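Data first, discussion second: the structure below is written as structure tokens.
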Amino acid sequence: MTDTPEMDDSVLRVTDLRTHFPVRSRGVFPKTIGQVKAVDGVSLSVAPGETLGLVGESGCGKSTTGRTVLRLIAPTSGTIELDGTDITTMSAKQLVPLRRKAQMIFQDPYNALNPRHTVGTIIGAPFEVQSVSPPGGVRLAVQELMERVGLNPEHYNRYASEFSGGQRQRIGIARAVALRPKIIVCDEPVSALDVSIQAQIMNLLKDLQDDFGVAYLFVAHDLSVVRQISHRVAVMYLGHIVELAPRDSLYSQPLHPYTHALLSAVPLPDPRAQANREQIRLSGDLPSPINPPSGCVFHTRCFRAEDRCRVEVPELRELLPGHTVTCHFPMFDQQVGTVIRGPQSAATERVAPKARPPSEVIADVVESGGLARATGVDYVTGPDATAPK
Amino acid sequence: MTNASAPFLSVQDLTVTFPTEDGSVQAVDGVSFSVERGKTLAIVGESGSGKSVTAQAIMGLLDRRLSSVSGHAWLDGRDLVAMGDDEVRHERGSRMAMIFQDPMSSLHPFYRIGAQLSEAVLVHQKVSKQAAREQALEMLNRVGIPDPKTRIDSYPHQLSGGMRQRVMIAMALINSPALLIADEPTTALDVTVQAQILELIGNLQQEYDTAVIMITHDLGIVADIADQVAVMYGGRIVEAAAVDDIFYRPQMPYTLGLLASVPRLDQVRVERLDPIPGNPPSPISLPPGCVFQPRCAYSDRVADHACEGIRPELIDIGGGHAVRCHLDGDVRQAIATDVLDALAGSGT
């Protein structure tokens, strides 16, 4: 929102990142016969102490993006700047000192920890790898970390396999924050956990951010979890970011049809609200990232698609402050799929003051034919049940 | 045999024990509930709550050498628990069916899906192979597989996750079972696919008048499809009620805790969630009194540390709403009102 290219203090800046995986033919002399375009032109930045949520369905490239920005996967093109340093083409050796600045938390706390290592060894590993000697010694530092993430420091010598899923995730978090990184890539950190534990871990991540000022790139598929933890949210589809916005702006005023569809598909824990909801049902399956659709990648499943979408790649446009979308016919000012509404409209009020006068934005949208697409939308309307069951 | 007033499926005092080296584990402890045809019961719980084992016990999927099941599961007047393995196997697939989180647990990777669907028909119906294949084709069409004539000759690995889930549902429903148990059927799926699958199950349920037991941890799914809800914790049902009562008039502190822990898209975001402290209990060492007591914020409001020592019973508080809690009705109500107000308050 406030960041400009000249005064860039982002801890992470990714420009036009592409990660393609070759598809090889079978046989003795395999030839490359295609490319899986897992990430295809992603640009984003994360400010210090900020959480950027990266949300999308499986296969959209969100995890590959998370891993590529840490150079765990080699990018095909584009640039990755970590704390002002271009790391796109650095060698593994050159990267070692930079690993202090960027860490990762994984989805599966069972596979991410070596069951033959004690908690002390696991959390102490970053100090050893980076040859850091904390004041008071590694053991003390590790025990302080354990205490900080809600583990009993007396369990220093226990093995990772003796802990429950939630506790293991705490171990993984302690290891990630050990060297006070500037950014942590969190890949679905709570999706394998029980509901009551998810909330504990989200609160812990938030507290650590307040304490250490660490930034998160938070990769997840759960829209309610992403809303809880993120300051800004990017929605990915088939290797592209289709919408990127400040949290409240995205959830109260989603502009991309895909974001609408995603939000409307999340079942709400409220039977009456759920019975009265309109759901947008997407047709078909995710297209293959080997052969992505022409024009707008979403047009094959979009209920607003027109001829133009099949041909012309939509440009990134900023339609609300800091709220960008790549769509020819953004759903401006429509209630379909919008989740927060009615008495809870406070969220809408909280959206930052608009930099451009609304009339101008609307004019812009009308000009692009956006509002004209309001009719003929193929979505399923819930039964008009005003009375409870 | 069938009593007009008796529910279609009636589970009474179902208990499942697994003997292990560390002593016997009581995974399910005295669970009772009933489901009518055409209705949906949601069983909600976290890992280790016994919700999946309950389903497996009803379906006769537990190995009798490794577990001991007691109690009753009356399906249309016949007790599934007392039946022999062969008898249960006959019921399974024809009168009752189950779908799982992972479709590959039900699909054989080496056989074409058409062959697997036809087999399900041939085992339970006296029809020709050709007729079975036609039923399979019809069912694939029903569950929304595009181009079923081609897809029927696909292997499971050639289908996407959502498609496989549909094939598994097709296989479960091909003999129009009267009881369908779905164990986290959409947990591995994306939200847009989840919405399609839930709608599909709902449509087929209406068509065949199926009784559905939906096992899930997702309160959104519960609100979406359930008529009745049973909340399980530590192998026991701790609260059971009609869906509106669970969401708008919950009583048990665990249910309140669950409702407070989930981030909600339909309300204004709170800066901090209010999670239940601690971890779910291990089934190997359950607390002697109330299973939820170690994590309960209100057990100090009960006299004489009753929550720690005395096991509370599941008590009907009226209107088919049952609660397992030592708290006085008034105190419990006051707590529930406070928590719900706080939740609603965060939305204004």
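Observations
- Ellipticity estimate at 222 nm from DSSP helix runs (n ≥ 4, -39,500 (n - 2.57)) divided over chain B, nearest 500: -10000 deg cm²/dmol
- In this label model, B:Ser285 and B:Lys129 are separated by 5.9 nm, measuring between points 7 Å along each Cα→Cβ vector.
- Point-charge dipole on Cβ atoms (K/R +1, D/E -1) for segment A:72-180, about Cα centre, debye to 20: 140
- Taking the DSSP beta bridges with both ends in chain B, the antiparallel portion is around 60 percent.
- Neighbour-count order for B:Asp102, A:Asp187, fewest beta carbons within 10 angstrom listed first: B:Asp102, A:Asp187
- Helix B:129-142 axis versus longest C-alpha principal axis of chain B: approximately 50°, rounded to the nearest ten.
- The amide H of B:Val238, built 1.01 Å from its N in the peptide plane, has B:Val231, B:Met232, B:Tyr233 as neighbours under 5 Å, considering only residues 5 or more places off or on other chains.
- Annotation for B:Thr150 and A:Glu278: the two label points, set 7 Å from Cα along the Cα-Cβ direction, are 3.4 nm apart.
- For chain B, the longest principal axis of the Cα atoms and the long axis of helix B:161-173 meet at an angle of about 80 degrees.
- For the residues of A:193-206, the average number of beta carbons from a partner chain within 10 Å of their own beta carbon is 6.
- Interchain or long-range residues, amide H under 5 Å from A:Arg281's placed H: A:Val380
- Cross-link partners for B:Lys129 among the lysines, with Cα-Cα distance under 18 Å and sequence neighbours closer than 8 places in the same chain left out: B:Lys149.
- 3J(HN,Hα) from dihedral phi, segment B:322-335, Karplus parametrisation 6.51/-1.76/1.60, rounded to Hz, x for glycine, proline: 10, 9, 10, 7, 7, 4, 4, x, 5, 4, 4, 4, 5, 4
- Long pairs among A:Lys37/A:Lys206; A:Lys62/A:Lys101; A:Lys182/A:Lys206; A:Lys31/A:Lys93; A:Lys101/A:Lys206, criterion Cα-Cα beyond 25 Å: A:Lys37/A:Lys206; A:Lys31/A:Lys93
- Taking the fewest neighbouring Cβ atoms within 10 Å as the starting point, the ordered list for B:Val291, B:Val270 is B:Val270, B:Val291.
- Dipole size of the protein assembly as shown about its Cα centre, with +1 on Lys/Arg Cβ and -1 on Asp/Glu Cβ: approximately 1980 debye, rounded to the nearest 20.
- Segment B:275-290 - phi-based ³J(HN,Hα) in whole Hz, Karplus 6.51/-1.76/1.60, Gly and Pro as x: x, 6, x, x, 10, x, x, 7, x, 6, 10, 7, x, x, x, 6
- Note: relative contact order over segment A:103-237, using C-alpha pairs below 8 Å and six or more positions apart, is 30 percent.
- Longest segment of chain B lacking trypsin sites (Lys or Arg not before Pro) that sit in a DSSP loop with at most 12 other Cβ atoms within 10 Å: B:127-271
- Qualifying GluC sites (Glu not before Pro) in segment B:1-87, where qualification requires a DSSP coil assignment and no more than 16 other C-beta atoms within 10 Å, comprise B:Glu21, B:Glu36.
- Here's the list of lysines a cross-link from B:Lys51 could span, going by alpha-carbon distance under 19 Å and ignoring same-chain residues fewer than 8 apart: B:Lys39.
- Net charge of Cβ neighbours under 14 Å - reference B:Pro185; Lys, Arg +1; Asp, Glu -1: -4
- Sorted ascending by nearby beta carbons within 10 Å, beginning with the fewest, A:Met202, B:Met96 become A:Met202, B:Met96.
- Legend: mean number of C-beta atoms from other chains within 10 angstrom of residue C-beta atoms, peptide B:218-225, equals 6.
- When both segment A:89-132 and segment A:241-310 are represented by their alpha-carbon centers, they are found 37 Å apart.
No lab work stands behind these numbers, since they all come straight from the coordinates. From a predicted model like this one, the values you see are computed outputs, not experimental measurements. Because the Cβ atoms are built from the backbone with ideal geometry, glycine has one as well, and the counts that use them run over all protein chains shown.
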